[in-house]
Structure formats: C-alpha cells, structure tokens
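Enquirer: The structure under discussion is supplied below as structure tokens; questions concerning it will follow.
The values are calculated or read from the model by the stated rules, or taken from the named source; none is laboratory data. Because the structure is a prediction, the values reported are computed rather than measured. Cβ placement follows ideal geometry from the backbone for every residue including glycine, while neighbour counts extend to all protein chains displayed.
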Amino acid sequence: MTSPWFATQVWQEITELEQVGEALRHEERLGTTTAAVRDDFALLLRDRVRDLQELLTAGDDWAGLDLLRTRRIAPVKAAALAVLEGILLREHPFYRGITVAAEALLDALVDATGVGRGVLLSVADGERFERMAGMVRMRFPDVGVWGLPILVHELGHLVADALPEPGDRNARPVLIHLDREDDRLLGELFADVFATYALGPAYPCAVMTLRARPDRFDDATPTHPSWDRRVWTMVASLRAIADQAADPLRAAGHRRAADQVAQRWSTMNGLGTEPPKLAERQARDLVDLLDRNAHERLRFDPLAGRDALVAALETGTLPPRSGPVAVVAAAWRWRLANPDVPPARLGRVSAAALRALDPEGAADAAA
Amino acid sequence: MPRLDLLAVRLADLREDVGKVKRVAKLAESRHSRLDGLRSVRKEVRDGLLDARQMIFDFRRGGDAPELELLLGDLEPLLADLERKVARAGVVLDQLDGSMIRLMNTDDVSRRCDEILRSIDTVEADLRAGALDRPAAWSALDRLTDTDCRRLFVDYVDMLGGLTLRDTGLDDRVSELTDGLLEELTAPLRAVPARPADLAGGAGDYSAGSLVMLWFPEWTIWDVPLFGHEAGLAWLRSSPLAEGLLGPAAGPARRGLVADAYGAYALGPAYACSVLLLRMRPGVAGEPSDVERAYVILGVLRALTGDGMSAAVVDLVAECWHGAVAERGVAAVADPARRAELDAFVVAACATLRNITSFRGFDSAQWEVEATEPFAALTGESGSARGATVRGLLNAAWAARMSLPDPHDVAVIQEIADAARALWGPRRAPLPRERLTGRPAQGPQTTRTGGYGLPFQGR
C-alpha cells in the first residue's frame with residue numbers, strides 16, 4: 001500500500017516532468033530543431049513518467065524512487081534545462097551570433113550526412129556530445145567562429161549513432177563497426193574522421209591550434225586517444241579520402257591538405273613525420289564507412305575556390321553567398337595564413353564569418 | 001659588247017628576289033581589298049532588292065490587276081528569303097575579314113628588304129669604283145645570300161603559308177585563340193602558324209616583328225599557353241619594370257627565366273601544364289636547364305596559388321615532372337646555393353610582376369573569376385561560359401584534362417579541346433579600333449581585358 005506521503009513525492013516528480021514537457025512544447029524558439037528531436041524528448045519524458053507511475057503500484061519504495069531520481073530523471077531534467085539555457089542564450093545579444101552560426105553549420109552537415117535527425121544545441125564548460133537527448137554542447141563563453149570545427153567533431157558522435165545504411169533505415173553501420181573493432185577509443189577517432197571528412201584541413205588545424213597541448217601530445221585518457229594518435233588519424237583520413245577521390249585533381253587537393261597538416265604537426269611535436277600503420281588502417285576503414293553510407297555532398301571539396309570569401313572575411317565586407325562549411329574553411333584558411341595577428345583582428349574576422357553564417361542577421365544589420 | 005659577268009648576274013638576281021618579297025608583302029596586305037570587292041557586290045545585290053521592292057510598291061499603288069497581285073504575293077517571300085541570304089553572307093564576310101589579320105610588320109619587312117637592297121647597291125658601287133676587288137665582292141654576295149636573304153626568304157615563306165592557314169581556318173582557330181590571349185596580356189603581337197623552328201634554318205628565336213610563330217605541330221589548344229613566353233619576351237623589350245629583374249648585361253638565359261616567370265604569372269597553371277607536360281625535357285642540360293626553368297615556373301605558381309583547383313593542378317604537374325626528372329636520374333636543382341639564387345629570383349619576379357597594371361596575375365582568386373565557369377561548362381556541371389577569357393578557358397581546359405580518370409585518353413582529351421574551342425564562340429571580327437589601325441589593341445583600355453583588370457589594378 002502506498003502512503004500519501006510517498007505518493008505526493010512521486011506525483012510531484014510526475015508534475016515536474018510534465019512541466020518540463022510543457023516548457024519544451026511551448027518553446028517556439030527551439031531553434032531549427034526538427035520534429036524528430038522534439039518527439040524524442042517527449043518519448044523520454046513519457047518513459048520516465050511511466051516509471052514513476054509504476055512505483056505507485058508497489059508500495060513505498062523510497063530506495064527505488066531515489067534510484068529513479070538520480071539515474072533516470074535527473075539526466076532528463078538536466079538535458080531539458082540545457083536546452084532551455086541554450087534557447088535563452090540564443091536570444092542574448094552576446095551569444096546569438098555563435099548559436100545561429102553553429103546551428104547553420106550543424107544543420108547543413110546533418111542534411112549533407114543524411115542522418116535525418118536534427119541536433120540540439122546548448123552550452124557547457126566544454127564541448128561535448130550528450131547521447132541521451134542528442135545534444136551538442138558548445139563551450140561557454142566561446143563566441144568566436146574558431147571553435148566551430150570542434151562542434152563538428154561532437155556532431156560526429158551523433159552521426160555514429162544515427163547514420164543509417166542505404167536501403168536499410170534501421171541499420172547502424174558505424175555502430176556495428178565500432179562494436180566489432182573492440183577499441184573503446186575508436187568512437188572518438190570516428191568523430192575526428194567525420195569532422196575531417198566534412199571540413200577538410202580546417203578541423204585538424206583547429207584541433208592543433210586550439211586544443212592540442214604541447215606537453216600532452218602522447219597522453220591518452222580513458223575516454224580519448226592521445227593527440228598524436230588523433231592528429232595522425234586525421235592526416236591518414238585525408239590521404240584515404242584522396243585515394244578514393246573521383247578524379248586525380250580532387251585527389252591532389254586532398255593530398256595537399258594532408259601534407260600541410262602532417263608538416264604542421266611534425267613541426268609542432270617532432271615525434272614523427274608520417275601516420276603509424278594502425279592510424280592508416282583505421283582511417284581507411286572509417287573513411288570507407290562514410291563513403292558507403294553518407295551522402296556524397298558531405299565530403300569536403302578541396303577544389304572549391306575560396307579566395308573571394310577569404311578576402312571578404314578579411315576586409316569585413318559582405319562575402320559572396322556561401323555555404324557554412326565554406327565560411328568556416330575560409331576563416332581557418334585566413335587564420336593559418338596569418339598566424340601572428342593580434343586578437344583584435346582575429347575577432348574582426350570571426351565576426352565577419354559569423355555574419356556570413358547568419359545571412360538573415362546580416363541583412364537585419366544592413367537594414 | 002659587255003661580257004657575261006656571273007657576279008653581276010647573281011647580284012641582279014638577288015636584287016630581283018628581294019624586290020619580289022617586298023611586292024609579295026604588299027600583295028599579302030591587300031588580301032582585304034578582295035573582300036572589299038565582295039562587299040561591293042553584296043551592296044549591289046541589296047540595292048537591287050530594294051529597287052525591286054520599290055517597283056512592286058509603285059505597281060500596287062497605281063494598278064488594279066488581281067492576277068498580277070497574286071504573282072507579286074508569291075514574289076515577296078522569295079525576295080525576303082534573298083534578303084536573309086544576303087545578310088547571312090555579310091556576316092560570313094565579316095567573320096572572314098576578322099580572321100584575316102593585317103600584317104603589322106609590312107614596314108619591318110620593307111625595312112629589311114631595303115637594307116639588303118642597299119647592301120647590294122654598295123657592293124656594286126664599290127666594285128665599280130675599285131674599292132672592292134672581285135673576290136671580296138663574291139664574299140660579300142655569299143654573306144648576303146647565306147645570312148640576311150636566306151633568313152628573309154625562309155621567314156617570309158613561312159609567314160605567307162601561315163597567313164593562308166589562318167585565313168582559311170585550317171589552323172583550327174589556334175592562331176585566333178593565341179591572338180586573344182596576347183591581346184588579354186596587352187602584348188602587341190600576332191600569331192601565325194609556321195614550320196618547326198629547327199626546320200626553319202635555326203630561326204627558333206625569330207619573331208617577325210610583331211608576329212610570333214606557332215611552330216608546327218603546336219597548333220592545338222594545349223600549346224597556346226606556350227605563347228606566354230613570347231609575351232614575356234615582348235614585355236622585356238617594352239617595360240621598364242623588367243630592367244630590375246634582368247640586371248645589367250642580362251644574357252639569353254636570364255631573359256628566358258624572366259619570360260618564364262612572366263608566363264607563369266600571366267597564365268597561371270595552364271602555362272606550367274603546357275611547358276612542363278608538353279615541351280620541357282627532363283634530364284637535358286642547358287643554360288638554364290629545363291630543370292631550373294621548371295623550378296622557377298613552379299615557384300612562381302606556388303606563390304600565386306593558395307589552394308583550391310589551381311593549386312591542385314600545379315601539384316599534379318609538379319608531381320608528374322619531378323617523377324620524370326627522377327626517372328632520368330637528374331637532381332632537381334641540387335646545389336643549395338643555386339636553389340637559394342633561384343628562390344630569390346622567384347620572390348623578386350613575383351614582386352615585380354605584381355606591379356603590372358594592365359592585367360592581374362592568374363592567381364587562385366583570378367582562377368575563381370575566370371576559370372570556374374568554363375571549367376563547369378567543360379565538365380558538364382553547368383551550361384555555358386560565354387564571354388570567357390582565353391586565360392580562363394585555357395586553364396579550365398587543362399584542369400578538365402587533368403581531372404580525367406585516365407589522363408591518356410586521347411579521344412576524351414580531343415573532346416575537351418573541341419568543347420573549349422566551341423566555348424570561345426564564333427570566329428570574331430576585330431575591334432573597330434583594330435580595323436582602322438591594323439594593330440592589336442594595346443593597354444588596359446581594351447574592352448576584354450578591362451573587365452577583369454580594373455578592380456585589381458595598382459595592387
């Protein structure tokens with residue numbers, strides 16, 4: 001028999017979850033999130049409510065309630081809170097530019113990949129992907145264009161979970177491959193290869209410039225491979241993409257990018273000049289997975305001319321109409337060509353790139 | 001009665017031959033007047049048609065004969081059809097006129113003929129006055145025959161043959177395309193097909209005044225970028241900018257390197273494609289060696305091309321060239337001191353060439369402006385590229401060729417060449433100013449160069 005006290009607390013939890021659902025349902029500013037994501041959240045909440053309702057039939061199971069609260073309900077509430085935080089920050093003048101830019105980039109890549117599922121965006125103390133709600137967390141208070149490639153790595157985790165096989169929408173070829181390989185760090189490497197596949201050299205360059213630590217080149221953690229292993233896998237993936245390119249010119253473009261990244265990395269750490277055999281094999285397999293299962297337009301085009309875009313970002317003029325990937329690639333190309341510029345100039349180019357990623361906002365500003 | 005004198009016969013014969021060249025040059029220049037004759041016939045036909053229409057009109061106004069009216073009704077479409085045909089003939093006539101270049105070097109030929117004639121006069125006068133004995137006179141005659149005259153005759157026969165090939169379009173419009181290119185580079189030159197240099201009596205470095213020779217078999221679209229070198233030599237002759245690069249007493253080797261740097265700067269990756277893939281010989285020594293020339297060309301191009309398609313083309317050419325050089329067992333500019341010297345030259349050349357204001361170097365930004373659309377048209381990604389520049393077209397054609405999965409597929413390569421020529425559009429009439437002067441347009445004021453030159457001038 002359930003006591004009124006226990007029932008009150010359970011009903012309190014149910015009411016809170018319903019309020020969360022209500023808040024999300026009424027939040028029209030949920031960015032460009034697709035209906036599928038909203039439905040996923042609704043299912044999660046309904047599932048937790050069902051768990052709570054089951055508790056009401058089994059007497060005063062305080063231990064069960066505590067377990068449910070900490071293990072199952074708290075993460076859903078945290079995810080919902082993160083979504084709402086993200087939405088509120090999107091309206092903040094300081095954060096609007098980066099949020100809209102990140103949405104534009106990630107939505108374009110979701111579309112180009114063919115996962116058929118939008119991504120939720122929020123902030124945290126560091127970039128990460130949260131599997132439960134399919135949420136990519138940006139790093140607070142990073143509001144520049146330079147960190148966007150790292151978000152594409154986080155999107156790679158979602159792609160690993162959701163990328164179907166052509167002809168079989170329920171198959172998950174990346175997950176199957178990761179399971180089969182028996183390498184707990186391979187998921188991170190897939191996300192790296194995905195970001196490299198989609199953004200070209202901008203991703204490894206962003207990683208090397210912003211994240212890799214000179215004193216920790218070879219320090220793997222339980223969740224992440226060493227920087228050395230990761231960067232060489234990126235180099236090897238660019239070479240694998242070159243090997244599978246449709247024509248010699250594209251192959252030359254990818255090879256050039258691979259050589260540039262390799263040279264940059266070996267100058268930075270001096271540990272080697274070529275990818276290890278393992279990195280070559282794993283990169284080849286992961287690129288092959290993307291080649292087989294993702295849309296062709298996801299693959300970065302090394303031949304696309306970006307000089308006009310780079311020049312426009314540098315001068316702060318309205319750039320020619322370009323896709324989000326081109327803008328991020330052009331911004332990073334500019335940064336690599338100007339390694340010693342003062343922070344103020346970096347900020348100006350970043351602002352120009354964010355404007356280019358938010359055509360409506362740019363039009364509003366012009367008006 | 002004067003004795004038959006062989007020396008006098010030979011001198012007179014030589015005078016006659018040189019005079020003939022002078023007359024033929026004038027005749028060649030009068031090719032256009034024959035078209036003028038056709039034009040006047042066309043005018044007469046059009047006038048006749050107008051008269052016929054007037055007569056019909058007058059008859060209808062004055063008479064009332066239903067049977068005749070029926071007949072006139074049948075006649076009118078016939079006249080309209082005739083008018084259309086005459087108009088079409090006019091267009092063809094204009095195109096033909098456009099393809100016939102005017103000989104800008106008639107003065108140059110006359111001057112050369114006059115110089116030889118004066119030399120013959122001098123020999124004869126000196127012989128008569130006793131200032132020259134007969135053996136010396138024979139030597140002077142031999143010298144004239146073997147050097148100046150021989151060269152004049154060879155050049156001129158080549159040039160007349162080339163003019164015929166151009167006029168009839170048998171050169172596959174390559175001369176016209178080359179003219180377009182030289183015009184974009186504001187080089188005051190015209191191209192005519194000719195025999196290969198080594199068959200033309202060692203006249204490999206000859207350019208007949210303002211004419212450059214397209215040595216056979218360079219009559220394909222793939223060879224047109226080679227004329228960047230000729231344009232470079234013309235730039236050396238005319239631009240004060242070049243002096244800094246040449247230095248005091250520059251020899252042919254240095255001039256060649258500067259012309260190569262100019263060609264690479266002006267034509268972009270297409271220059272490297274033509275020169276390295278089709279002409280230069282890895283492993284053949286020279287001063288400068290082809291390996292050194294290639295080093296400079298690739299150096300200039302790497303300084304110009306950041307990334308994108310132009311950089312990929314340069315990478316592929318370099319890879320192919322270096323492979324061939326290694327295969328021939330030659331070290332690619334092994335001496336570090338020489339390499340440093342060439343690197344410094346490339347830096348200086350790029351800095352100097354960027355001061356040219358009449359056109360912008362074909363860097364990766366220019367590739368986007370000029371070659372992106374023609375490339376898309378050639379590879380079937382999008383429709384037309386009307387109004388493409390020759391530089392853009394040549395670079396796009398080479399890039400399309402380089403992107404073939406099988407780079408040795410002759411049939412597809414030919415298809416690309418044909419498509420590129422088709423993109424260049426119908427045969428073109430010269431610009432109005434050119435019609436008047438008979439010279440190619442020069443300077444940045446030309447309509448076709450102005451389109452892309454102006455926004456970047458004064459960099």
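Enquirer: Quick test for you: out of B:SER274, B:SER310, B:SER238, pick the one residue that is within 20 Å of the chain's Cα centre (by Cα) and buried (at least 24 other Cβ atoms within 10 Å of the Cβ).
Expert: When all the criteria are applied, what remains is B:SER274.
Enquirer: For the stretch B:336-354, state whether one or more residues are within 13 Å of chain A (Cβ to nearest Cβ) and farther than 20 Å from B:LEU278 by Cα.
Expert: Looking through the stretch B:336-354, none of the residues is within 13 Å of chain A (Cβ to nearest Cβ) and farther than 20 Å from B:LEU278 by Cα.
Enquirer: Still on this structure, please answer the following. Could you give every pair whose Cβ atoms fall below 7 Å, whose first residue belongs to the stretch B:305-321 and is more than 7 Å from chain A (Cβ to nearest Cβ) and assigned to a helix (DSSP H, G or I), and whose second residue is among the hydrophobic types (A, V, I, L, M, F, W, C) and crowded, with 24+ Cβ neighbours inside 10 Å, counting only separations of at least 6 or pairs across chains?
Expert: Correct list of pairs: B:SER310/B:TRP367; B:VAL314/B:ALA272; B:VAL314/B:LEU301; B:VAL317/B:ALA272; B:VAL317/B:CYS273; B:TRP321/B:ALA294.
Enquirer: Among (1) out of contact with any Lys or Arg (no Cβ under 8 Å at 6 or more places or on another chain); (2) over 14 Å from B:SER310 (Cα atoms), which single condition is B:ALA399 missing?
Expert: (2)
Enquirer: Further question: Is it true that some residue in the stretch A:271-279 is under 16 Å from A:ALA242 (Cβ atoms), away from chain B (no Cβ under 14 Å), part of a loop (DSSP other than H, G, I, E, B) and more than 24 Å from the chain's Cα centre (by Cα)?
Expert: Checking the stretch A:271-279: at least one residue is under 16 Å from A:ALA242 (Cβ atoms), away from chain B (no Cβ under 14 Å), part of a loop (DSSP other than H, G, I, E, B) and more than 24 Å from the chain's Cα centre (by Cα).
Enquirer: While we're here: When you scan the stretch A:238-247, how many residues do you find that are surrounded by 21 or more Cβ atoms within 10 Å (Cβ to Cβ) and either more than 14 Å from A:VAL287 (Cβ to Cβ) or in contact with a Ser or Thr (Cβ under 7 Å, 6 or more places away or on another chain) (or both)?
Expert: So the count comes out to 1.
Enquirer: Then there is this: Determine, yes or no, whether B:GLY98 is within 30 Å of B:LEU177 (Cβ to Cβ), at pLDDT 80 or above and surrounded by 13 or more Cβ atoms within 10 Å (Cβ to Cβ).
Expert: no
Enquirer: Can I ask one more? Can you name the residue in the stretch B:355-381 that is within 14 Å of chain A (Cβ to nearest Cβ) and assigned to a loop (DSSP other than H, G, I, E, B) and is also surrounded by the most Cβ atoms within 10 Å (Cβ to Cβ) among such residues?
Expert: Of all residues in the stretch B:355-381, those within 14 Å of chain A (Cβ to nearest Cβ) come to B:360-376, B:378-381.
Going one step further and asking which of them are assigned to a loop (DSSP other than H, G, I, E, B), we end up with B:360-363, B:371, B:379-381.
Working: B:ARG360: 22, B:GLY361: 22, B:PHE362: 29, B:ASP363: 20, B:ALA371: 33, B:THR379: 16, B:GLY380: 9, B:GLU381: 10.
That would be B:ALA371.
Enquirer: Here is a follow-up. So, in the stretch A:305-326, of the ones that are within 19 Å of A:VAL100 (Cα to Cα) and in contact (Cβ under 8 Å) with a residue 40 or more places away in the chain, which residue ends up surrounded by the most Cβ atoms within 10 Å (Cβ to Cβ)?
Expert: This residue is A:LEU313.
Enquirer: Are any residues in the stretch B:382-407 closer than 17 Å to B:ALA365 by Cβ and either within 12 Å of another protein chain (Cβ to nearest Cβ) or in a helix (DSSP H, G or I) (or both), and if so, which ones?
Expert: Result: B:ARG391, B:GLY392, B:ASN395, B:ALA396, B:ALA399.
Enquirer: Run B:GLY283 past the list (1) modelled with pLDDT under 90; (2) away from chain A (no Cβ under 13 Å); (3) assigned to a helix (DSSP H, G or I) and report the number of the one that doesn't hold.
Expert: Just one mismatch for B:GLY283, condition (3).
Enquirer: Here's another thing I want to ask about it. For the subset of the stretch A:204-263 comprising residues that are among the acidic types (Asp, Glu) and under 18 Å from A:GLU274 (Cα atoms), which member is farthest from the other protein chains (Cβ to nearest Cβ)?
Expert: A:ASP218
Enquirer: Given the conditions (1) surrounded by fewer than 19 Cβ atoms within 10 Å (Cβ to Cβ); (2) in contact with a Leu (Cβ under 7 Å, 6 or more places away or on another chain), report the number of the one that B:ASP343 does not fulfil.
Expert: Condition (2) is where B:ASP343 drops out.
Enquirer: Still on this structure, I have one more. Kindly check whether there is at least one residue in the stretch B:259-267 that is touching a Lys or Arg at 6+ places or on another chain (Cβ under 9 Å), in a helix (DSSP H, G or I), hydrophobic (A, V, I, L, M, F, W, C) and more than 14 Å from chain A (Cβ to nearest Cβ).
Expert: So far as the stretch B:259-267 goes, yes, one or more of its residues are touching a Lys or Arg at 6+ places or on another chain (Cβ under 9 Å), in a helix (DSSP H, G or I), hydrophobic (A, V, I, L, M, F, W, C) and more than 14 Å from chain A (Cβ to nearest Cβ).
Enquirer: Taking into account only those residues within the stretch A:72-129 that are of a type in the set (Val, Ile, Thr) and over 27 Å from A:ALA171 (Cβ atoms), which is surrounded by the most Cβ atoms within 10 Å (Cβ to Cβ)?
Expert: Result: A:ILE98.
Enquirer: Sticking with this structure for a sec: Go through the stretch B:322-333 residue by residue and tally those that are within 14 Å of B:ILE297 (Cα to Cα) and assigned to a loop (DSSP other than H, G, I, E, B).
Expert: 2
Enquirer: Right, something else. Inspect the stretch B:64-79 for any residue being touching a residue at least 60 places away in the same chain (Cβ under 8 Å) and surrounded by 13 or more Cβ atoms within 10 Å (Cβ to Cβ) and give the result as yes or no.
Expert: Among the residues of the stretch B:64-79, not one is touching a residue at least 60 places away in the same chain (Cβ under 8 Å) and surrounded by 13 or more Cβ atoms within 10 Å (Cβ to Cβ), which makes the answer no.
Enquirer: May I ask you to verify whether B:ARG302 is surrounded by 21 or more Cβ atoms within 10 Å (Cβ to Cβ), in a helix (DSSP H, G or I) and of a type in the set (D, E, K, R)? Steps first, please.
Expert: On the way: surrounded by 21 or more Cβ atoms within 10 Å (Cβ to Cβ): no; in a helix (DSSP H, G or I): yes; of a type in the set (D, E, K, R): yes.
In short, no.
Enquirer: Looking for something part of a loop (DSSP other than H, G, I, E, B), in contact (Cβ under 8 Å) with a residue 12 or more places away in the chain and more than 24 Å from the chain's Cα centre (by Cα) - is there at least one such residue anywhere in the stretch B:334-348? I'd like the intermediate steps shown before the answer.
Expert: Within the stretch B:334-348, the subset part of a loop (DSSP other than H, G, I, E, B) is B:334-335.
Next cut, in contact (Cβ under 8 Å) with a residue 12 or more places away in the chain only: none.
No, because not a single residue in the stretch B:334-348 is part of a loop (DSSP other than H, G, I, E, B), in contact (Cβ under 8 Å) with a residue 12 or more places away in the chain and more than 24 Å from the chain's Cα centre (by Cα).
For every residue, the table says whether it meets (1) aliphatic (A, V, I, L, M); (2) in contact with a Leu (Cβ under 7 Å, 6 or more places away or on another chain); (3) without any contact (Cβ under 8 Å) to a residue 24 or more places away in the chain.
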{"position": "A:LEU199", "(1), (2), (3)": "yes, no, no"}
{"position": "A:TYR203", "(1), (2), (3)": "no, no, no"}
{"position": "A:MET208", "(1), (2), (3)": "yes, no, no"}
{"position": "A:PHE217", "(1), (2), (3)": "no, yes, no"}
{"position": "A:PRO225", "(1), (2), (3)": "no, yes, no"}
{"position": "A:THR233", "(1), (2), (3)": "no, yes, no"}
{"position": "A:SER237", "(1), (2), (3)": "no, yes, no"}
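Enquirer: List the number of the failed condition for A:THR273; all other conditions in (1) in contact with a Leu (Cβ under 9 Å, 6 or more places away or on another chain); (2) surrounded by fewer than 19 Cβ atoms within 10 Å (Cβ to Cβ) hold.
Expert: So the condition that A:THR273 fails would be (1).
Enquirer: Would you check which residues across the stretch A:309-332 are over 24 Å from the mean Cα position of the chain (by Cα) and either more than 10 Å from chain B (Cβ to nearest Cβ) or at pLDDT below 85 (or both) and list them?
Expert: A:ALA312, A:GLU314, A:THR315, A:GLY316, A:THR317, A:LEU318, A:PRO319, A:PRO320
Enquirer: Take the stretch A:51-61 and flag every residue that is in a helix (DSSP H, G or I) and farther than 14 Å from A:GLN12 by Cα.
Expert: A:GLU54 - this is the single residue of the stretch A:51-61 that is in a helix (DSSP H, G or I) and farther than 14 Å from A:GLN12 by Cα.
Enquirer: Then there is this: Can you pull out the residues in the stretch B:132-189 that are in a helix (DSSP H, G or I), of a type in the set (S, T, N, Q) and at pLDDT 75 or above?
Expert: B:SER139, B:THR145, B:THR147, B:SER175, B:THR178
Enquirer: A:MET234 fails exactly one of the following numbered conditions: (1) more than 29 Å from A:ALA356 (Cβ to Cβ); (2) modelled with pLDDT of 95 or more; (3) within 22 Å of the chain's Cα centre (by Cα); (4) not polar (S, T, N, Q). What is the number of that condition?
Expert: In the conditions (1) more than 29 Å from A:ALA356 (Cβ to Cβ); (2) modelled with pLDDT of 95 or more; (3) within 22 Å of the chain's Cα centre (by Cα); (4) not polar (S, T, N, Q), A:MET234 misses (1) alone.
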